[in-house]
Amino acid sequence: MPDFELENMYSGLVAGIDEAGRGPWAGPVVAGAVVILDKQLSKTLLDGLDDSKKLSAKKREMLYDELLREQAEGKLYIGIGEASCREIDEMNILQATFLAMKRATDKLPQCPDVALIDGNRTPNNFKCKTKTVIKGDAKSMSVAAASIAAKVYRDRIMKEMAKKYPYYGFEKNAGYGTACHIEGLKKYGITPEHRKSYKPIQALIK
């Protein structure tokens, strides 16, 4: 379970950063940045925050709403950043992920002194010091919170997108290459939200 051990190694504001949506064939990549100002969070968050992939969609939604409540009470900051499918195609998914992370950090009301970034790759020209943490969302409370914020925010985008493009199952698969998604692509072709640089989409275009 995540804790505050990594955050406690640094003075000043520490942001946890994580992304959602590197693997899907459609939609944006989204990053969350979370600064926990008051470590006396609600019991719901202290007991529940974890790597978003380990949690049910219902649990993630509940935790995200709780994060928003704690933000309203001044206990934490949340920043969300996106990079569009067009940007993903133009610069590649890694660079687009870094761009989303920078945009998420820019949305915070204060620039952090250090950012704990999930994974093992460091964005170039970041505004503050960075520390990469492999499996950070299972180790750091800030990164776990960022993981949930990014995932829920992106899932909500994909549910809205499903209303505009109803044949691909975006509300259930979030843009991943499921059987329903593949069937939709074969019948109806690609949408402007599909990542044309991804091999499965390139194969369908050909």
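Is there a residue being surrounded by 13 or more Cβ atoms within 10 Å (Cβ to Cβ), part of a loop (DSSP other than H, G, I, E, B) and at pLDDT 95 or above anywhere in the stretch 177-186?
Checked against the condition, which is being surrounded by 13 or more Cβ atoms within 10 Å (Cβ to Cβ), part of a loop (DSSP other than H, G, I, E, B) and at pLDDT 95 or above, the stretch 177-186 yields at least one hit.
Can you report the number of residues in the stretch 24-56 which are within 12 Å of the chain's Cα centre (by Cα) and exposed (fewer than 14 other Cβ atoms within 10 Å of the Cβ)?
Qualifying residue count, the stretch 24-56: 1.
So in the stretch 57-67, with the set limited to residues that are without any contact (Cβ under 8 Å) to a residue 24 or more places away in the chain and surrounded by 13 or more Cβ atoms within 10 Å (Cβ to Cβ), which one is farthest from Asp137 (Cα to Cα)?
So, considering only residues that are without any contact (Cβ under 8 Å) to a residue 24 or more places away in the chain and surrounded by 13 or more Cβ atoms within 10 Å (Cβ to Cβ), the one farthest from Asp137 (Cα to Cα) is Met62.
So which helices (runs of 4 or more DSSP H) stay within the stretch 34-93 end to end and still have 1 or more residues that are more than 25 Å from Leu6 (Cβ to Cβ) and not aliphatic (A, V, I, L, M)?
It comes to 57-72, 85-91.
Are any residues in the stretch 94-107 surrounded by 21 or more Cβ atoms within 10 Å (Cβ to Cβ) and either of a type in the set (Val, Ile, Thr) or over 15 Å from Ile17 (Cβ atoms) (or both), and if so, which ones?
Correct list: Thr97, Thr105.
Please pick out the residue among Ala150, Ala174 that is farther than 26 Å from Lys39 by Cα, small (Gly, Ala, Ser) and touching a residue at least 60 places away in the same chain (Cβ under 8 Å).
The conditions single out Ala174.
Of everything in the stretch 153-171 that's free of Cβ contacts under 8 Å to residues at least 60 places away in the same chain and of a type in the set (Asp, Glu), which residue is nearest to Cys85 (Cα to Cα)?
Among those residues, the one meeting the criterion is Glu160.
Of the numbered conditions (1) under 15 Å from Gly16 (Cβ atoms); (2) in contact with an Asp or Glu (Cβ under 9 Å, 6 or more places away or on another chain); (3) not in a strand (DSSP E or B), Lys159 satisfies every one except a single condition; which is it?
Answer for Lys159: the failing condition is (1).
Restricting the search to the stretch 1-41, which residues are modelled with pLDDT under 95 and among the polar types (S, T, N, Q)?
Ser11
For Ala115, are the conditions met, namely being assigned to a helix (DSSP H, G or I), touching a helix residue (DSSP H, G or I) at 6+ places or on another chain (Cβ under 8 Å), modelled with pLDDT of 95 or more and surrounded by 14 or more Cβ atoms within 10 Å (Cβ to Cβ)?
Taking the combined requirement at face value, the residue does not satisfy it.
The values are calculated or read from the model by the stated rules, or taken from the named source; none is laboratory data. Values in this document were obtained by computation on a predicted structure and should not be read as measured data. Every residue, glycine among them, receives a Cβ derived from its backbone with ideal geometry; neighbour counts consider all protein chains shown.
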